[in-house]
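Take a look at the structure below.
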Amino acid sequence: MIFAPLGNLTSGDVACEVSLDSLFGRHCAVLGTTGGGKSWTMAKLIEQVQIKTDNKIILVDATGEYQNLSNVEHCIVGENTYFPSSQLSNSNFCSLFREHSSNTSTILCEAINTLRLVAKGFLESGVKVGQNVADLSSTISKNLPSCINQDFNLSNLCEQVRNECIKEQNGKYVEDPFKLGYSAHLLARINLFLNNETVKSALGLSKASDAKSIIGMIDSFHGSEATVLRIGFERLSYDFAIREVVVDFIACHILRKGREGTFKGKPILLFIDEAHQFLNKRISADDDTSFYLQGIELIAKEARKYGLFLCLSTQMPRDIPLGVLSQMGTFIVHRLINEQDKKAIESAASSLNRSMLSFLPTMRAGEALLMGVDFPMPLLLRITPPVQTPQSGTPKLSKKRTCN
Ligand SMILES: Nc1ncnc2c1ncn2[C@@H]1O[C@H](COP(=O)(O)OP(=O)(O)OP(=O)(O)O)[C@@H](O)[C@H]1O
Ligand SMILES: [Mg+2]
């Protein structure tokens, strides 16, 4: 068993060492109101994993608080890294462009498929009007399976959607103004997204020449010397919920690697600070429907057995879907004031009794209640500050000079 000194018990000031397997083995949640000490606790946990184990950590840093940590490989989305659009599946594109209706999502998928076939050389161009329906359909169905991950020129997507607005007449394709009419919304959205600087930098459409793909970084990280890979979102604005979408794509990629057995021999830890930004997210589409991003939720539910452990911090436990909260084996709870938040934790962690819960509003920064399935007794701890602290101090108000 690997034990890590996390801090001292508040009663008696006794040093407390905690088993890292117990802490992370069934996922871990660090909870509490702003300024309670969550980010420092996350940094402490990262530090102890680095000191005591050979395991690797992927850290999703929403705000850039951890950008000064040393011994860490930093990738900053939208600056030196991007999520490659070639890795997006057709359904990923549907959620990126919020395309829900069956008619237009079919046109979108057909346009993407055609562009993939053109890029691989199976079709000369994306223009279908005038072509023989039977011949074209057979070329597409024969060659599409080998083009599933083919990169293509995303900037041609609008033109290709127009090319797909066709119908059959006497065995040939002719233009279909009706389809073009109901694709107008889709075309406007694709245009809006692909001309947005944030989306372009996040998906590598306007990247610096030395920018790297996040997928490549994650894949090579597993075999590299580095122990922590920080994926920072500090340069990405909140436009079009692109951060949520990208984190979801990353989570799905890591889960896919987990399912392939990549982490079985050597478990990996996925740390997500400010997880309320990424959890329980519904991004709304035009027609009042919404897409539910569930990558992180799926990791919480099924990834333990693949050697992929989640450690997330959030201010609002009530924002975490119950499905995720109930999968958490360990809770490190800092100061919590809101009654609903306390209830959310109470229902998820059976060992917590009412008297312990009453401590939560009175705790100082850095004090936390540690509880979970492997901890029969909840422990009230004062967490030792990490050697390298996140940049999260509270700026002080400045005194007026004339004031005494
Ligand atoms: N273990 C600790 N020991 C001493 N002081 C601490 C400790 N943890 C946190 N603090 C103090 O509390 C401040 C806020 O901590 P931290 O940034 O970790 O809070 P947080 O819960 O992450 O807040 P937010 O939700 O706003 O991100 C720190 O700048 C530090 O001064
Ligand atoms: Mg924080």
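The values are calculated or read from the model by the stated rules, or taken from the named source; none is laboratory data. Just so it is clear, the structure is predicted and the values come from calculations on it, not from any experiment. Note: ideal-geometry Cβ built from the backbone for every residue, glycine included; neighbour counts use all protein chains shown.
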message = Given the criteria out of contact with any helix residue (DSSP H, G or I) (no Cβ under 7 Å at 6 or more places or on another chain) and under 16 Å from ILE166 (Cβ atoms), does THR114 qualify?
response = no
message = Tell me yes or no: at least one residue of the stretch 49-57 is closer than 15 Å to ARG382 by Cβ, at pLDDT below 95 and out of contact with any Phe, Trp or Tyr (no Cβ under 6 Å at 6 or more places or on another chain).
response = no
ask   = In the stretch 123-159, how many are in a helix (DSSP H, G or I), closer than 17 Å to VAL174 by Cβ and touching a residue at least 12 places away in the same chain (Cβ under 8 Å)?
value = 3
request  = Pick out the one residue from ASN156, ASN195 that is surrounded by fewer than 16 Cβ atoms within 10 Å (Cβ to Cβ) and not aromatic (Phe, Trp, Tyr).
outcome  = ASN195
ask   = Which numbered condition trips up ILE283, out of (1) modelled with pLDDT of 85 or more; (2) away from ligand 2 (no atom under 16 Å from the Cβ)?
value = (1)
Check on GLU339, over 26 Å from the mean Cα position of the chain (by Cα), over 19 Å from LEU9 (Cα atoms) and away from ligand 2 (no atom under 15 Å from the Cβ) = yes
inquiry  = With surrounded by fewer than 21 Cβ atoms within 10 Å (Cβ to Cβ) and in contact (Cβ under 8 Å) with a residue 12 or more places away in the chain as the only criterion, which of THR389, THR330 stands out?
reply    = THR389
task = Quick one: in the stretch 1-15, of everything that is surrounded by fewer than 19 Cβ atoms within 10 Å (Cβ to Cβ) and modelled with pLDDT of 90 or more, which residue is nearest to PHE359 (Cα to Cα)?
result = LEU9
request  = Please indicate, with yes or no, whether at least one residue in the stretch 111-122 is in contact (Cβ under 8 Å) with a residue 24 or more places away in the chain, out of contact with any Asp or Glu (no Cβ under 8 Å at 6 or more places or on another chain), outside any helix (DSSP H, G or I) and surrounded by 21 or more Cβ atoms within 10 Å (Cβ to Cβ).
outcome  = no
remark   = By residue number, the members of the stretch 169-178 that are assigned to a strand (DSSP E or B) and surrounded by 12 or more Cβ atoms within 10 Å (Cβ to Cβ) are LYS172, TYR173, VAL174, GLU175
ask   = Which ones in the stretch 25-49 are surrounded by fewer than 22 Cβ atoms within 10 Å (Cβ to Cβ) and either farther than 12 Å from HIS334 by Cα or free of Cβ contacts under 8 Å to residues at least 60 places away in the same chain (or both)?
value = GLY25, ARG26, GLU47, GLN48
task = Keeping to the stretch 123-133, report how many residues are surrounded by fewer than 16 Cβ atoms within 10 Å (Cβ to Cβ) and charged (D, E, K, R).
result = 1
query = Looking at the stretch 179-203, which of its residues are of a type in the set (Gly, Ala, Ser) and either assigned to a loop (DSSP other than H, G, I, E, B) or in contact (Cβ under 8 Å) with a residue 24 or more places away in the chain (or both)?
reply = SER183, SER201, ALA202
query = If you check THR63, THR33, THR41, which single one turns out to be modelled with pLDDT under 95, within 10 Å of ligand 2 (Cβ to nearest atom) and of a type outside the set (Phe, Trp, Tyr)?
reply = THR63
